[in-house]
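**Q** I have a structure I would like to understand better, so I am pasting it below and will then ask my questions one at a time.
The values are calculated or read from the model by the stated rules, or taken from the named source; none is laboratory data. Because the structure is a prediction, the values reported are computed rather than measured. Cβ placement follows ideal geometry from the backbone for every residue including glycine, while neighbour counts extend to all protein chains displayed. Only protein heavy atoms, including side chains, enter the accessible area calculation; ligands, DNA and RNA are left aside. Shrake-Rupley method; radii C 1.70, N 1.55, O 1.52, S 1.80 Å.
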Amino acid sequence: MLPPGPTYRRAPYAADPKVGRGRRLAEPASATRTDFQRDRDRILHSTAFRRLANKTQVFVLVEGDAYRTRLTHTIEVGQIARALARALGLDDDLAEALALAHDLGHPPFGHTGEDALAAAMAPYGGFDHNAQALRIVTSLEQRYAGFDGLNLTWDMLEGLVKHNGPLRPGAGGAAIPAPIAEFDAVWPLDLDRLPSAEAQAAALADDIAYNGHDLDDGLRASLFSLDQAKAVPFLAGIIAEVRDLHPNLDESRVIHELVRRVITRFVEDAIAQSALRIERLAPGDVGAIRAAKHPVIAFSTEMQKAVREVKSFLFAHMYRAPQVERARNEASRVLTRLFVRLLAEPQLMPADWGAQADAAQSELKRARVIADYIAGMTDRYAVMLYRRFFDDPVDLR
């Protein structure tokens with residue numbers, strides 16, 4: 001018998017684990033957990049989740065140990081997604097599970113690694129981290145006796161592949177990544193419709209978390225200063241507020257006060273705007289959320305402008321800072337050369353991976369095996385393997 005439900009009111013438009021489409025392979029129900037709680041727990045115990053601890057979030061000069069990794073970023077996204085979900089009457093277990101899974105498909109070296117792997121895989125169907133996350137949870141994780149993958153619920157898989165919204169090919173839209181299209185042909189995920197509000201909350205939580213903590217990491221890494229951050233009116237107002245309230249506060253604490261206020265204002269705005277959108281739509285169930293023309297979880301117009309300005313500032317002063325660019329170029333070189341070498345000599349991989357590559361019936365399928373192997377690497381393992389294969393040094397500082 002299931003324990004008592006959550007103490008907050010779950011809205012009728014929330015995803016319901018008792019009436020969803022279940023799992024592709026039927027399993028006996030848990031006596032103590034809902035299906036969404038089991039999804040979350042399976043993600044937490046997966047190998048791919050543990051590897052996030054040693055994968056770069058944003059490529060910065062990590063000579064200290066306080067910068068975000070993929071894992072710490074993911075935990076922050078999970079906290080924010082749960083807060084949004086609880087405030088709006090959604091299923092917070094599903095929102096948290098989706099947040100915890102959203103970056104499972106990222107290769108080493110942050111977005112630089114994804115760009116490098118996408119370029120290497122361009123002749124072989126491409127590479128997309130959302131599609132890779134789907135591959136991980138549906139086949140690459142091999143832990144359970146009865147199935148490959150994690151056998152997650154339909155709601156989880158739908159939200160995972162639609163992390164950036166519906167996938168609508170043609171009419172100017174990008175092609176659907178091959179792994180997603182192939183899975184959709186077997187178990188349709190309604191790719192052209194919006195995901196649940198829980199999935200939308202997890203996606204917005206991702207934006208909130210990385211904008212907040214990238215400000216923190218960038219300031220602490222001295223990639224830009226508080227004075228430079230004042231170029232963004234939204235940030236200037238918060239910095240002035242902190243200085244007025246605490247005129248003698250040391251810079252380290254000013255940074256923390258700035259970041260916590262940025263995140264708080266993003267979250268509060270998202271809750272208020274989302275509640276307004278939900279009230280206007282008046283959805284009777286989760287199906288109405290999915291059938292809507294526009295997302296219900298969103299920022300206000302004013303906050304969208306502030307978010308764009310923060311992102312633009314971070315792009316110029318952090319993601320494209322000269323120090324970061326040098327490291328990005330080096331990381332890209334490492335992954336590109338690893339891919340070329342392993343595609344030519346797959347026997348260099350561990351025996352089980354080499355066997356998969358040997359069994360591949362085409363170069364396209366063999367390249368996908370190589371991409372799976374590289375995408376699963378941590379930063380340290382990729383560098384270690386590169387040094388084993390090549391004589392030239394690697395300098396990622």
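**Q** D35 - would you say it is open to solvent by less than 50 Å² (accessible area, probe 1.4 Å), free of Cβ contacts under 8 Å to residues at least 24 places away in the same chain and over 30 Å from L343 (Cα atoms)? Quick ask: steps written out before the conclusion?
**A** Details: open to solvent by less than 50 Å² (accessible area, probe 1.4 Å): yes; free of Cβ contacts under 8 Å to residues at least 24 places away in the same chain: no; over 30 Å from L343 (Cα atoms): yes.
Here the answer is no, as D35 does not meet what is asked.
**Q** Any idea which residue in segment 143-195 is most open to solvent (accessible area, probe 1.4 Å), counting only those that are among the β-branched types (V, I, T) and out of contact with any helix residue (DSSP H, G or I) (no Cβ under 7 Å at 6 or more places or on another chain)? Give the steps one after another, and end with the answer.
**A** Just the residues of segment 143-195 that are among the β-branched types (V, I, T), to begin with: 153, 161, 176, 180, 186.
Remaining after also requiring out of contact with any helix residue (DSSP H, G or I) (no Cβ under 7 Å at 6 or more places or on another chain): 176, 186.
Details: I176: 45, V186: 86 Å².
For segment 143-195, the residue satisfying everything is V186.
**Q** Looking at R366, R337, which is the one that is assigned to a helix (DSSP H, G or I), buried (at least 17 other Cβ atoms within 10 Å of the Cβ) and of a type in the set (K, R)?
**A** R366
**Q** Among the residues of segment 279-288, are any in contact with a helix residue (DSSP H, G or I) (Cβ under 9 Å, 6 or more places away or on another chain), among the hydrophobic types (A, V, I, L, M, F, W, C) and open to solvent by less than 20 Å² (accessible area, probe 1.4 Å)?
**A** Our first condition is that a residue be in contact with a helix residue (DSSP H, G or I) (Cβ under 9 Å, 6 or more places away or on another chain); within segment 279-288, this holds for 281-283, 286, 288.
If we keep only those that are among the hydrophobic types (A, V, I, L, M, F, W, C) as well, we get 281-282, 286, 288.
Narrowing the set further to residues that are open to solvent by less than 20 Å² (accessible area, probe 1.4 Å) leaves none.
No: segment 279-288 contains no residue that is in contact with a helix residue (DSSP H, G or I) (Cβ under 9 Å, 6 or more places away or on another chain), among the hydrophobic types (A, V, I, L, M, F, W, C) and open to solvent by less than 20 Å² (accessible area, probe 1.4 Å).
**Q** While we're on this one: Keeping to segment 131-142, report how many residues are under 21 Å from G110 (Cβ atoms), open to solvent by 10 Å² or more (accessible area, probe 1.4 Å) and of a type outside the set (V, I, T).
**A** Selection size over segment 131-142: 2.
**Q** Please go through segment 42-53 and give me each residue that is buried (at least 16 other Cβ atoms within 10 Å of the Cβ) and either of a type in the set (D, E, K, R) or touching a Lys or Arg at 6+ places or on another chain (Cβ under 8 Å) (or both), ordered by number. Give the steps one after another, and end with the answer.
**A** From segment 42-53, those buried (at least 16 other Cβ atoms within 10 Å of the Cβ) are 42-43, 46, 48-49, 51-52; that's our starting set.
The answer is R42, S46, R51, L52.
**Q** Please find, among A270, A344, A327, the residue that is under 30 Å from I370 (Cβ atoms), buried (at least 18 other Cβ atoms within 10 Å of the Cβ) and small (G, A, S). Explain how you work it out, then say what you get.
**A** Details: A270 fails: under 30 Å from I370 (Cβ atoms); A344 fails: buried (at least 18 other Cβ atoms within 10 Å of the Cβ).
A327 is the lone residue from the list that is under 30 Å from I370 (Cβ atoms), buried (at least 18 other Cβ atoms within 10 Å of the Cβ) and small (G, A, S).
**Q** Go through segment 65-110 and report how many residues are of a type outside the set (A, V, I, L, M, F, W, C), open to solvent by 10 Å² or more (accessible area, probe 1.4 Å) and closer than 24 Å to E158 by Cβ. Steps first, answer last, please.
**A** So the first thing to find is which residues in segment 65-110 are of a type outside the set (A, V, I, L, M, F, W, C), and the list is 65, 67-70, 72-74, 76, 78-79, 82, 86, 89, 91-93, 96, 102-103, 105-108, 110.
Remaining after also requiring open to solvent by 10 Å² or more (accessible area, probe 1.4 Å): 65, 67-69, 72, 76, 79, 82, 86, 93, 96.
Checking the rest, the ones that are also closer than 24 Å to E158 by Cβ come to 76, 79, 82, 86, 93, 96.
Number of matching residues: 6.
**Q** Need at least 1 residues that are within 30 Å of E325 (Cβ to Cβ) per element, so show me which helices (runs of 4 or more DSSP H) inside segment 65-177 make the cut, counting only ones lying wholly within it.
**A** Details: elements: 70-87, 92-101, 110-120, 129-135, 154-161.
Helices (runs of 4 or more DSSP H) meeting the threshold: 70-87, 92-101, 110-120, 129-135.
**Q** Considering V161, V137, which residue is of a type in the set (V, I, T), free of Cβ contacts under 8 Å to residues at least 40 places away in the same chain and more than 24 Å from S362 (Cβ to Cβ)?
**A** The unique qualifying residue is V161.
**Q** Among the residues of segment 233-245, is there at least one that is open to solvent by 80 Å² or more (accessible area, probe 1.4 Å), assigned to a helix (DSSP H, G or I), touching a Lys or Arg at 6+ places or on another chain (Cβ under 9 Å) and among the β-branched types (V, I, T)?
**A** Quick first cut of segment 233-245, residues open to solvent by 80 Å² or more (accessible area, probe 1.4 Å) only: 233, 243-245.
Cutting the leftovers down to assigned to a helix (DSSP H, G or I) gives us 233, 243-245.
Remaining after also requiring touching a Lys or Arg at 6+ places or on another chain (Cβ under 9 Å): none.
No.
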